[in-house]
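The values are calculated or read from the model by the stated rules, or taken from the named source; none is laboratory data. From a predicted model like this one, the values you see are computed outputs, not experimental measurements. Because the Cβ atoms are built from the backbone with ideal geometry, glycine has one as well, and the counts that use them run over all protein chains shown. Side chains included, ligands, DNA and RNA excluded: accessible areas come from the protein's heavy atoms. Shrake-Rupley method; radii C 1.70, N 1.55, O 1.52, S 1.80 Å.
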Amino acid sequence: MGGLQSLFGGQAKGPPVTNIMFLKTHKTASSTVLNILYRFAETHNLSVALPAGLHVHLGYPRLFLARYVEGIQPQQHFNIMCNHLRFNLPEVQKVMPNNTFYFSILRNPVFQLESSFIYYKTYTPAFLRAPSLDAFLASPRTFYNDSRLLKNVYAKNNMWFDFGFDPNAPRKEGYVRARIAEVERRFQLVLIAEHLDESLVLLRRRLRWALDDVVAFRINSRSARSVTRLAPKTRERARSWCALDWRLYEHFNRTLWRQLHAELGPRRLRGEVERLRARRRELATLCLQDGGAPKNHTQIRDPRLRPYQPGRADILGYNLRPGLDNKTLRVCERLVMPELQYMARLYALQFPEKPRKNIPFLGA
Ligand SMILES: Nc1ncnc2c1ncn2[C@@H]1O[C@H](COP(=O)(O)OS(=O)(=O)O)[C@@H](OP(=O)(O)O)[C@H]1O
């Protein structure tokens with residue numbers, strides 16, 4: 001086993017990219033990516049544009065404004081920005097330097113919507129009264145009302161909305177193409193959740209990071225019990241209800257594979273993905289109890305490692321192996337720390353003079 005040694009060795013050539021904006025879309029494996037960025041920021045002593053005061057995101061679902069960032073000052077930039085926000089380029093540019101690398105992530109809208117339905121079941125008015133996603137999609141207009149947009153953003157074209165666009169816009173070809181071209185101009189890379197490992201190989205290459213910088217465990221996943229299998233008819237309806245998201249996803253899925261083939265080729269890609277997976281297995285053996293099987297929150301001993309449990313979701317987390325030495329423990333804790341706890345930790349490190357972020361569900 002490589003232990004911690006290769007955590008500090010690197011394959012990447014040239015200086016690593018350290019100015020990064022990640023548009024954290026919803027229910028797309030974005031917390032797994034956020035964990036990668038938080039760890040990199042912490043271990044390299046980089047500044048993170050964190051939500052101000054007690055907030056846990058950057059103004060979402062309102063369009064992002066620079067003043068939502070803690071400690072923002074004119075002419076002062078941050079290295080990394082990765083918390084949930086609704087994209088608004090001119091305001092993001094007030095926070096991030098000119099040479100920032102922009103990237104984001106998309107997921108098949110059918111599964112993204114299914115995940116949202118469970119996660120936001122008790123929050124989003126459109127989902128609240130719908131007995132199931134099948135029922136919702138059979139007659140969405142019965143439940144969904146445009147006028148309650150800000151609470152209903154999770155119910156229709158949520159990824160399109162996160163990019164700053166109108167989720168209720170008619171699907172006119174010229175409009176859709178122009179918005180996709182806009183995303184393409186600004187974002188150097190769009191990851192795809194269904195091919196996360198391949199995406200991370202490309203991300204690592206673009207950022208010139210070491211292998212261990214992009215190795216991550218699956219964060220924020222639901223137990224099998226809270227995942228609903230959708231009938232083919234429901235899937236078809238989800239694609240049509242979220243047609244703008246579907247176009248975005250199809251486009252960037254194709255783009256990702258074109259880039260992978262052009263930059264790595266199939267053989268090298270397979271090798272790089274295998275290396276990433278092998279290292280993840282090694283770290284799971286080193287850090288996690290029971291071979292890394294994710295745990296229900298009631299089974300997680302350390303409250304600091306228990307993920308937030310909203311809606312009807314049953315969000316899983318991890319127990320660390322007992323008896324880890326201090327150095328290994330620090331590395332392993334970072335790999336499994338849920339988003340809210342990690343944000344609170346970075347906030348306390350960056351702003352020691354400010355009151356701590358309060359995470360009420362921990363009872364802290
Ligand atoms: N590595 C990897 N590969 C594929 N899918 C992954 C991965 N990591 C997380 N996930 C799935 O992403 C869902 C959680 O998404 P987010 O973290 O973006 O959610 S959130 O908006 O921050 O609440 C959640 O989906 P559901 O389980 O369907 O709810 C996770 O299982």
Check your understanding: Within segment 238-251, can you find the residues that are surrounded by fewer than 20 Cβ atoms within 10 Å (Cβ to Cβ) and aliphatic (A, V, I, L, M)?
Key -> Ala243
Exercise for review: Being surrounded by fewer than 12 Cβ atoms within 10 Å (Cβ to Cβ) and of a type outside the set (A, V, I, L, M) is the filter here, so list the residues in segment 257-270 that pass it.
Suggested key: Arg258, His261, Gly265, Pro266, Arg267
Exercise for review: For residues that are within 18 Å of Ser240 (Cβ to Cβ), in a helix (DSSP H, G or I) and of a type in the set (A, V, I, L, M), tally how many sit in segment 155-179.
Suggested key: 3
Review point. Can you tell me which residues in segment 71-86 are within 15 Å of Phe351 (Cβ to Cβ) and either surrounded by fewer than 19 Cβ atoms within 10 Å (Cβ to Cβ) or within 16 Å of the ligand (Cβ to nearest atom) (or both)?
Key: Gly71, Ile72, Gln73, Gln76, Asn83
Exercise for review: Count, please, the residues in segment 240-251 that happen to be among the small types (Gly, Ala, Ser) and in contact (Cβ under 8 Å) with a residue 24 or more places away in the chain.
Suggested key: 1
Point to revise | Unmet criterion (only one of (1) over 30 Å from Arg229 (Cα atoms); (2) within 16 Å of the ligand (Cβ to nearest atom); (3) surrounded by fewer than 21 Cβ atoms within 10 Å (Cβ to Cβ)) for Pro97 | key: (2)
Practice item. Taking Arg229 as meeting all but one of (1) assigned to a loop (DSSP other than H, G, I, E, B); (2) touching a residue at least 40 places away in the same chain (Cβ under 8 Å), write down the number of the exception. Key: (2)
Check your understanding: Quick one: is Thr255 more than 30 Å from Phe187 (Cα to Cα), β-branched (Val, Ile, Thr) and part of a helix (DSSP H, G or I)?
Key -> no
Practice item. Provide a single number: the residues in segment 228-237 that are open to solvent by 20 Å² or more (accessible area, probe 1.4 Å) and either in contact with a helix residue (DSSP H, G or I) (Cβ under 7 Å, 6 or more places away or on another chain) or within 30 Å of Arg275 (Cα to Cα) (or both). Key: 4
Check your understanding: Within segment 39-53, is there a residue that is under 24 Å from Asp212 (Cα atoms), out of contact with any strand residue (DSSP E or B) (no Cβ under 6 Å at 6 or more places or on another chain), open to solvent by 10 Å² or more (accessible area, probe 1.4 Å) and within 16 Å of the ligand (Cβ to nearest atom)?
Key -> yes
Check your understanding: Within the set of pairs 6+ apart or on separate chains, which have a first residue in segment 84-99 that is free of Cβ contacts under 8 Å to residues at least 24 places away in the same chain, a second that is open to solvent by less than 30 Å² (accessible area, probe 1.4 Å) and part of a loop (DSSP other than H, G, I, E, B), and C-beta atoms under 9 Å apart?
Key -> Gln93/Thr100; Asn98/Asn19
Review point. When only residues in segment 180-194 that are open to solvent by less than 50 Å² (accessible area, probe 1.4 Å) and assigned to a helix (DSSP H, G or I) count, which is farthest from the ligand (Cβ to nearest atom)?
Key: Ala181
Check your understanding: Which residue out of Arg222, Arg218 is more than 30 Å from Ala169 (Cα to Cα), touching a residue at least 24 places away in the same chain (Cβ under 8 Å), within 16 Å of the ligand (Cβ to nearest atom) and open to solvent by 70 Å² or more (accessible area, probe 1.4 Å)?
Key -> Arg218
Check your understanding: Among the residues of segment 106-159, which ones are open to solvent by 60 Å² or more (accessible area, probe 1.4 Å) and β-branched (Val, Ile, Thr)?
Key -> Thr122, Thr142
**Study point:** Single match in Arg277, Arg254 (criterion: open to solvent by 40 Å² or more (accessible area, probe 1.4 Å), in contact (Cβ under 8 Å) with a residue 40 or more places away in the chain and not small (Gly, Ala, Ser))
**Key:** Arg277
Review point. Hey, among the residues in segment 201-215 that are among the β-branched types (Val, Ile, Thr) and part of a helix (DSSP H, G or I), which one's nearest to the ligand (Cβ to nearest atom)?
Key: Val214
